Amino acid sequence: MKLVSFGPPGAEEPGVLVRPDAILPLRHSHGLPSGGRGEILSRWPSAEPLLRSAVDRYADDDLVPLADTRLGPPVPRPGTVIAIGFNYAAHGDEVLGAARPKGEPIVFLKPASSVCGPGDAIVCPPETRQLDYEVELAVVIGRGGQRIPRAEALEYVAGYMIANDVTARDIAFGAGAEHPLLFQIARAKGSPSFCPTGPWLVTPDEFDPADAGLRLWVNGELRQHGSTAGMAVGVAELIASVSRSMALRPGDLLLTGTPPGCGFQLDPPRFLADGDVVEAEIDGLGRMRSPVISEPVAVAHPPLERI
């Protein structure tokens, strides 16, 4: 199944893409839990058969044309957004060389407020001149747990989707050249719109994360091209490793790293700017298309005069 969220920002409702051009809304009449995608994921083992039953017996009158609505992030209000750094050997070797870590994967967090839809704009804040992109496979957790055994880890997955781990490189590095504790990772990766996801969540029965091609274009120019087979640590071991450090909950997102070709790695570096269009694609998961816009400058108004 391909699960979607659709509708205005902040008011998305869950659905299933039952045809390439049509969505079946998932409403209470299907016996599903109320509360949207998060509630469905929190009850995933019991909700999944209800979803499949709804898909098997829909009528054409129930459908919403895909062209007539906005697709939101498949998980509009995730719990924790967990990201993995330098998980592709080629990317890590190119950036870190011999210093690339060989032990536990590098883990950092993005705020849930950074998540946006597959066609929403990436908004460049005025604090950065080095806005960058990272196409990644995102894993959606469907069953919570801690210290999850690697052999059972894939049973905890609700599905997979595309993510773009947008990063302000100059903010990230900042004073980090002086001392590693001065890196500003959360600031650099946390602005609203810095985590486009979608276009849909594909359930595990329809996607194999072991060897899927990843690609990213900027204005039609191919910048990143790799395969999930190039991950240093695969999905099952990532879930096992991360869950040794924190409890995973239904609706959490796990971003699994990016292949080479980010803007800061090019010679000379090439960053995103107002008017650019970023397209990210993973085989079997679809494609996202994100325009880049500059954040509107707030106008300072003079204080009101006292009467």
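The values are calculated or read from the model by the stated rules, or taken from the named source; none is laboratory data. Predicted, not measured: the structure shown is a model, and the values here were computed from it. In this analysis, Cβ positions are derived from the backbone assuming ideal geometry, glycine residues included, and neighbour counts consider all displayed protein chains.
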- request: Any chance you could count how many residues in the range 36-90 are polar (S, T, N, Q), buried (at least 16 other Cβ atoms within 10 Å of the Cβ) and farther than 25 Å from V233 by Cβ?
  value: 2
statement: Looking across the range 99-128 at residues that are of a type in the set (D, E, K, R) and modelled with pLDDT under 95, the single one that is surrounded by the most Cβ atoms within 10 Å (Cβ to Cβ) is R100
query: Residue check, R37 against (1) modelled with pLDDT of 80 or more; (2) among the charged types (D, E, K, R); (3) not in a loop (DSSP other than H, G, I, E, B), all met but one. Which one?
result: (1)
task: Give the number of residues within the range 139-167 that are in contact with a Phe, Trp or Tyr (Cβ under 8 Å, 6 or more places away or on another chain), in a strand (DSSP E or B) and not polar (S, T, N, Q).
output: 8
- request: Taking the residues in the range 271-281 that are out of contact with any Asp or Glu (no Cβ under 9 Å at 6 or more places or on another chain) and touching a residue at least 24 places away in the same chain (Cβ under 8 Å) as candidates, determine which candidate is surrounded by the fewest Cβ atoms within 10 Å (Cβ to Cβ).
  value: D274
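Give the residues of the range 216-244 that are of a type in the set (D, E, K, R), surrounded by fewer than 19 Cβ atoms within 10 Å (Cβ to Cβ) and in a strand (DSSP E or B), sorted by residue number.
Scanning the range 216-244 gives a single hit, E221.
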- prompt: How do the pairs read when you match residues in the range 191-220 that are farther than 15 Å from G257 by Cβ and among the aliphatic types (A, V, I, L, M) with residues anywhere that are modelled with pLDDT of 95 or more and loosely packed, with under 14 Cβ neighbours inside 10 Å, using Cβ under 8 Å and keeping only pairs 6 or more apart or on different chains?
  reply: V202/G284
